[in-house]
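Derivation of every value follows stated rules applied to the coordinates shown; laboratory data play no part. Being a predicted model, the structure only gives us computed values, none of them experimental. Using ideal geometry, Cβ is built from the backbone for each residue, glycine included, and neighbour counts are taken over all protein chains shown.
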Amino acid sequence: MRVFTLVADGVRNLARLQLSPRERFNVFVGDNGQGKTNLLEAIYTIATLRSFRTSKLSDLVAFGAQEARLGARVVKDELVRVYEVELAPGSKKVRLDGKAPRPLSRYFGGFNVVVFTPEDLALPRGSPGDRRRFLDRGVFNDEPSYLVTATDYDKVLKTRNSVLKQAAQGTLGARQAEELLSVYDTQLAGLAVSVIAARTRFLERIGPEMAQAFSAITRTGLSASARYVSKLVGRSAEEIEQGMREGRVKDLATQSTQLGPHRDDVMLELEGREAGSFASQGQLRAIMLAWKTAELEVLGRAHGDQPILLLDDVSSELDPARNEYLFEHLATLAGQCFITTTSGSHVLLSRDRADYRIQGGQILE
Ligand SMILES: Nc1ncnc2c1ncn2[C@@H]1O[C@H](COP(=O)(O)OP(=O)(O)O)[C@@H](O)[C@H]1O
Ligand SMILES: [Mg+2]
């Protein structure tokens, strides 16, 4: 899998861009605030129709611009496909080979990217919400149909919460609210089962690779794992619906839905204990590195083609042994890579590498 050409116009601080990246390692070197992460975000957005920085895609539209246009020509199995996205406040237009893909899920599968950012390293000690979004990024990649499930879940959840609010504020009669809530309980419970199933499936798939990668990175006998934390694993839709009914009084009081996978978490573990509280900083980094490595492996196997890796802000923070492992591994696991850094010397790759400078949103070869 390889990006042949990349175009962006009206995207964040990026100058109008037309780039033909090299086959393997593309290294973008620039100071802070020059647009390095913006560039990776642009690629990620074309591939996944989401951003790893914001939940509002219109944030990508450059200040003062009407719309953002992004596109990529990607070759997979000798087949070239053209991906295009147009973003404006409140609107997103998507084309695959010049046509609107129907259903939208047809858009995915030929352009797989895995992103790794420095923020990911803080996840074991971060908020459950950040970990959920991180987990969901992996699930989307592995199972494109999850996009529909997760989007539907969020929609019904929002609607249910607004009914709770209206009922609490008295703008909706109690009977009417009860009726609406029973409808949404059923819908939400059904979707909750699918969300939980997709997430646990994904974690089961990356589990063995993650453990293996962790021991390769740290060269200790310690084991690392990721465990889905939810009150709802193994519960049927009917049982979840029942739980929602029982929690309705509390939901009305708090004007929010207490039960559901939007409250779940994924726990990163070292030797079966919560890594956030027990692991050293270095071990935490290794755990996240192992997770990403596992994702690359699983994705590559599932699609019969190595995914594209976006590696943001490579620094010298990792110790030399880990850094070396990372780059050695990249060379075997990923196909094309887009790497950003403040200094080219942090990137320990010598072969198949092209360096670009990025300055004020301009990319200079
Ligand atoms: N929608 C936008 N329009 C124009 N500029 C933006 C927009 N969003 C962010 N920026 C600018 O992008 C720059 C940060 O780019 P970023 O890619 O995060 O830098 P870095 O090279 O440090 O990764 C900042 O100067 C910020 O003001
Ligand atoms: Mg950055």
Exercise. Between Thr186 and Gln359, what FRET efficiency comes out of the Förster formula 1/(1 + (r/R0)^6) with R0 = 51 Å and r the beta carbon distance, rounded to 0.05?
Worked result: 0.40
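What percent does the relative contact order of the range 82-225 come to when contacts are Cα pairs within less than 8 Å and at least six residues apart? Could the numbers behind the result be given before it?
Details: 88 pairs, mean separation 22.5, N = 144.
That works out to 16 percent.
In this model, which of Lys92/Lys231; Lys99/Lys231; Lys76/Lys231; Lys56/Lys231; Lys92/Lys250; Lys56/Lys250 are farther than 32 Å apart at the alpha-carbon?
Working: Lys92/Lys231 35 Å; Lys99/Lys231 43 Å; Lys76/Lys231 41 Å; Lys56/Lys231 29 Å; Lys92/Lys250 37 Å; Lys56/Lys250 30 Å.
Beyond 32 Å: Lys92/Lys231; Lys99/Lys231; Lys76/Lys231; Lys92/Lys250.
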Exercise. At Ser315 and Gln18, where each label point lies 7 Å from the Cα along Cα→Cβ, what is the point-to-point distance in nanometres?
Worked result: 3.7 nm
For this session: Provide the convex hull volume over Cα atoms per residue for the chain, in Å³.
Result: 149 Å³
For this session: Return the distance in nm (one decimal) between the two label points of a simple spin-label model at Glu204 and Gln66, each offset 7 Å from Cα along Cα→Cβ.
Result: 5.1 nm
Exercise. With axes computed from alpha carbons, what is the tilt in degrees of helix 36-48 against the longest principal axis of the chain, rounded to the nearest 10 within 0 to 90?
Worked result: 60 degrees
For this session: Sort the following peptides by mean Cβ neighbour count (other Cβ atoms within 10 Å, averaged over residues), highest first: 280-287, 308-315, 168-175.
Result: 308-315, 280-287, 168-175
Exercise. How much net charge surrounds Leu348 when only other residues with a Cβ under 12 Å from its Cβ are counted (Lys, Arg +1; Asp, Glu -1)?
Worked result: +1
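Using only the Cα atoms of the range 191-326, construct the convex hull and provide its projected area averaged over every direction, in square nanometres to one decimal. Mind dumping the intermediate values first?
Numbers: hull surface 42.9 nm².
That works out to 10.7 nm².
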Exercise. In the Gaussian network model of the chain, springs joining C-alpha atoms below 10 Å, which of Thr151, Thr200, Thr342 carries the largest mean-square fluctuation?
Worked result: Thr151
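With only Lys, Arg, Asp and Glu charged, each at its Cβ (+1 for the first two, -1 for the last two), find how big the charge dipole of the chain is about the Cα centre; round to the nearest 20 debye.
Values: 48 positive and 46 negative charges, 138 e Å.
Dipole about the Cα centre, nearest 20: 660 debye.
What percent does the relative contact order of the chain come to when contacts are Cα pairs within less than 8 Å and at least six residues apart? Each step should come with its number before you reach the end.
Numbers: 648 pairs, mean separation 95.7, N = 365.
Answer for the chain is 26 percent.
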For this session: Return the distance in nm (one decimal) between the two label points of a simple spin-label model at Asp352 and Thr151, each offset 7 Å from Cα along Cα→Cβ.
Result: 3.4 nm
Exercise. With a Cα-only, solvent-free Debye model of the range 88-137, what are the log10 I(q)/I(0) values at q = 0.13, 0.22, 0.24, 0.26 Å⁻¹?
Worked result: -0.54, -0.88, -0.91, -0.96
For this session: Set the Förster radius R0 to 25 Å, insert the Cβ-Cβ distance between Ser162 and Lys56 as r into 1/(1 + (r/R0)^6), and round the FRET efficiency to 0.05.
Result: 0.85
Exercise. Helix 174-218 versus the longest principal axis of the chain: what angle, 0 to 90°, nearest 10, using Cα atoms?
Worked result: 30 degrees
Problem set entry | 0 to 90° range, to nearest 10: angle between helix 146-169 axis and the chain longest Cα axis | 40 degrees
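Which order do the peptides 219-228, 347-356, 96-105 come out in when sorted by mean C-beta neighbours inside 10 angstrom, highest first? Working shown, then result.
Details: 219-228: 16.4, 347-356: 14.3, 96-105: 11.5.
The peptides rank, most packed first, as 219-228, 347-356, 96-105.
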Exercise. Which shape class, rounded, prolate or oblate, goes with the range 208-256 when its Cα gyration tensor gives a ≥ b ≥ c as root eigenvalues, a/c under 1.5 marks rounded, and past that a/b bigger than b/c marks prolate?
Worked result: prolate
